[in-house]
Every structure is written in structure tokens, then in C-alpha cells.
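Taken together, the values in this text are just the output of simple stated rules run on the coordinates, not laboratory data. Values in this document were obtained by computation on a predicted structure and should not be read as measured data. Positions of Cβ are backbone-derived with ideal geometry, glycine not excepted, and every protein chain shown enters the neighbour counts.
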Amino acid sequence: MEFTCIMCPMGCSLKVEKKDDEVVVTGNTCKRGEMYGKQEFVAPKRVVTSLVRIAGGGVVSVKTADLVDKNRIFDVLDLLKTVEVKKPIHIGDVIVKDALGTGVDVVATGEKL
């Protein structure tokens, strides 16, 4: 598996493969790249960003407060389609607590007063 590391501005080209029972990362220039490569190979995760409707009109931007398993992204997005919030909304407000049992909250990234 080959991909670009996103852990720092270097953008190293990582090659990740399984040798025997070990995940081996090459191409990284720092420890963070090695950790990222292993995580991406074993169980990729992402921050999910979206918009949530505001009662009375408009939308507010939101994101997951932490990483979500890549295979749950569309489930979280489907959940967010059903959510409607009321003003005022402040950056960091928890919009959905423990989204779908992932242990990750969805928080506002925009202000709507």
C-alpha cells in the first residue's frame, strides 16, 4: 500500500506492507509518519466534516472532535442529515454526543448567533 503521509508538511511517500506478522513502514522521515502509516494500514480513521441544519433556516459547520473509523463515515453523515439545532451556536458546542456509539462527539466549527 502506498500513500502520502499527512502528519507534517514534509508529505513523505509512505510504503506500508505486512511482512510476517509485522506492519512495516518505509519512506517516512519521522516517527509520526511511521505511526500514521501503521494506523492507516490497520484501521484507517478520519475527521468527518459536514453541515447541520438550523431551526428556522440556515446551516452551521460541524466536525467530529476526534477520528472516526473510515468505515463509519457515511453512517455519521447520514445521522447528521437528521440533526437540527437551535441558535445560538458557538464554536466547540457539542451538537451530537457520542455519535452512533463511536465515542466521538460532533462539535460546531462555526458561530450562529
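Footprinting exposure proxy ranking of Val68, Val85, fewest other C-beta atoms within 10 angstrom first, gives Val85, Val68.
Among the trypsin sites (Lys or Arg not before Pro) in the range 26-113, those located in a DSSP loop and surrounded by at most 13 other Cβ atoms within 10 Å of their own Cβ are Lys86, Lys97. Amide H to amide H, with H built 1.01 Å from N, Lys45 comes under 5 Å of Lys70, counting only residues 5 or more places away or on other chains.
Along its first, second and third principal axes, ordered by size, the range 27-77 spans 50, 20, 14 Å in Cα coordinates. How much FRET efficiency would the formula 1/(1 + (r/R0)^6) give for Val59 and Val94, where r is the Cβ-Cβ distance and R0 is 22 Å, rounded to 0.05? Computed FRET efficiency for Val59 and Val94 comes out at 0.80. Coordinate range of the alpha-carbon atoms in the chain per principal axis, descending: 56, 27, 18 Å. Between their Cα atoms, which of Lys18/Lys81; Lys15/Lys97; Lys31/Lys70; Lys15/Lys70 are more than 30 Å away from each other? From Lys18/Lys81; Lys15/Lys97; Lys31/Lys70; Lys15/Lys70, over 30 Å: Lys18/Lys81; Lys15/Lys97. Using only alpha-carbon positions in the range 2-42, the gyration tensor eigenvalues give semi-axes of 17, 9, 8 Å once each is multiplied by 5 and square-rooted (largest first). Ordering Ser13, Ser50, Ser61 by the number of other Cβ atoms within 10 Å of each residue's own Cβ, fewest first, gives Ser13, Ser61, Ser50.
Mean separation of Cα pairs under 8 Å and 6 or more residues apart, divided by the residue count, gives the chain a relative contact order of 19 percent. Think of the chain as having a plus end and a minus end, set by charges on the Cβ of Lys, Arg, Asp and Glu; of Val48, Val16, Ile95, Ile95 sits farthest toward the positive end of this dipole.
Counting only alpha carbon atoms, the long axis of helix 31-42 and the longest principal axis of the chain meet at about 80°.
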